[in-house]
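Below is one structure, written out as C-alpha cells; the observations come after it.
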Amino acid sequence: MKNKKGMNAGGTVLLVIGVMIAIALIVGVTIYVSKPAVTESVITQSTAGAISNPSVNPAVTFSTLSKYLSNSISGTTYYKVGGLTTGAKASTTALANVNPASTYVYWVSNSSHVFVKPDVFVAGTLNNPIQNGEAYEGTTIALSSYDLDNRQTTTNSAYNTSLSAGGINNVEFTYQGTNQYGEVPFGGLFYIEMNTTINTVTCKDNGVSLSAQDPNLHLTYSPSSTNKLVVFTLPSGWDDGQAVRHIISCQFSASGTDPAGVYKVGIVPSAYYYNALDGQIYLDTEKFMNSGSSTRTAPASVSVTGLTNYFT
C-alpha cells in the first residue's frame, strides 16, 4: 500500500514545476541552466609571420646582413625596450619574449669597417625572425681637389693656389663613392682648416649649399695657432653605396691681410654607438654623450682621406 502523504508531496512538486514551465512559455521567459566553468588556455604564436597574439609572444630570432652584399654582420649585439635614446638601458641579453604593445631596438655594434643602423620595431607588427638589412660595408675613399680659377689640380699640394689679400679663390673637392659600399651612410661632417685671415668660405655640394655644423654632431679638432676651423654638415644618405659622385665647390674670400699658408679639408662620418653611461644608443661623429668623449664613432678602419693644400 502506497504512502499517500509521500505521493501527495511528490505530486505537488511536479505540479509546481509544470506550472512554472507553462508560465514561462506563456510570457516568454528564458530559463538558464548553469554549467561548470571552463578555463580557456592562451595560445601563443609558434610560427613565423605577423604577430597578433594579445599577450606574450615567443622568442624572436635576429640577424644582420649588409645591404648590398648580403654578408652576415657580426659583433656585439644590443637589445633594448623603448626607442634609441629613450626607455630601458641597452643590454647584451637576448630578448626572451616580446610584448606586442612595446617598442624594441635590435643593433649589432661592429668593430670592422661596417656601419649598422639599429632596427627599431613594434612587436605587434614584426615578422619573426627579424633580419636587419641596414648595414653598410665601407671602403677607402680619397678626396681630390681642383683650382677652378687657375685650372690646376691641387690634391695634396700638387699645385699651390695663389690667393692674395682681398682676393677670392674657388676650389672643387671631389668625392667618388663606390658601388655597393657606403662610407657616409648616416651623414657626417665636412671640415676646413684655414688661415684666420680668410674671412669667409661657402660651400655647395652638387649645387646645393651645405649647412653649418649640426650641433648634435661633434668634432674635436685643434687647428694651428694661425688657423681656424669651419665645419659643414653632410646629410643622412650622403654616401650609402650608390656610387654617387659629390663635387663640393668652395669659395674662399680673403681679408685685407695675405692669407698664405696651409689649408686642410676632410670628412668625418657619423655612426651609431652604445653609451655605457646612460644605456642609450646615439648617432654622432664622436662619443660625446660619454662624458664628452672625443673618441670617433666610426670604425677605426674608416679612411676618408683628407687633403693638405696651400694658398700662396
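Please treat every number below as a calculation from the coordinates, not as lab data. In this text the structure is predicted, and so the values were computed from the model without any measurement. Positions of Cβ are backbone-derived with ideal geometry, glycine not excepted, and every protein chain shown enters the neighbour counts.
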In Hz, Karplus ³J(HN,Hα) per residue of region 100-114 (6.51, -1.76, 1.60; θ = phi - 60°; x = Gly, Pro): x, 8, 9, 9, 10, 10, 10, 8, 9, 8, 9, 8, 7, 7, 9
Per-pair calculated FRET efficiency, R0 = 22 Å: T61 and A88 via Cβ, rounded to 0.05: 0.60
Ranking of T226, T178 by count of other Cβ atoms within 10 Å, fewest first: T226, T178
For H246, net neighbour charge (Lys/Arg +1, Asp/Glu -1) across residues whose Cβ lies under 13 Å away: -3
Cross-link pairs K228/K264; K117/K287; K204/K264; K204/K287; K67/K204; K80/K287 - those with Cα-Cα distance over 21 Å: K204/K287; K67/K204
12 Å beta-carbon shell around Y136, net charge (K/R +1, D/E -1): -3
Hz values of 3J(HN,Hα) by residue in region 250-264 - Karplus curve (6.51, -1.76, 1.60), Gly and Pro given as x: 10, 10, 9, 10, 8, 7, x, 10, 4, x, 4, x, 6, 9, 10
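Taking K and R as +1 and D and E as -1, what net charge do the other residues with C-beta under 11 Å from the C-beta of T295 add up to? All intermediate terms of the calculation are to be shown ahead of the outcome.
Details: positive: K287, R296; negative: D284, E286.
Net charge around T295: 0.
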Sorted by Cβ density within 10 Å, fewest first, the residues S211, S303: S211, S303
Using a Förster distance of 25 Å, the FRET efficiency for S291-A142 (Cβ separation, nearest 0.05): 0.15
Cleavage-rule hits (trypsin sites (Lys or Arg not before Pro)) in region 72-166: DSSP loop, at most 16 neighbouring Cβ within 10 angstrom: K89, R151
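Determine, for M289, M194, the number of other Cβ atoms within 10 Å of each Cβ, and report the residues in order from fewest to most. Present the calculation step by step, with values, prior to reporting the outcome.
Values: M289 18, M194 25.
Final ranking by Cβ density, sparse to dense: M289, M194.
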Loop-located chymotrypsin sites (Phe, Trp or Tyr not before Pro) in region 201-252, at most 16 other Cβ atoms within 10 Å (DSSP): Y221
Chain lengthening between N150 and T103 when straightened (0.36 nm per residue, less Cα-Cα): 11.3 nm
Per-residue HN-Hα couplings for region 185-200 [Karplus 6.51, -1.76, 1.60; θ = phi - 60°; Hz; x = Gly/Pro]: x, 10, x, x, 10, 10, 10, 9, 9, 8, 4, 5, 7, 8, 5, 9
Label-to-label distance, nm, for residues given as R245 and N71 (7 Å Cα→Cβ offset): 2.7
Förster radius 30 Å - calculated FRET efficiency between N216 and S112 (Cβ-Cβ, nearest 0.05): 0.75
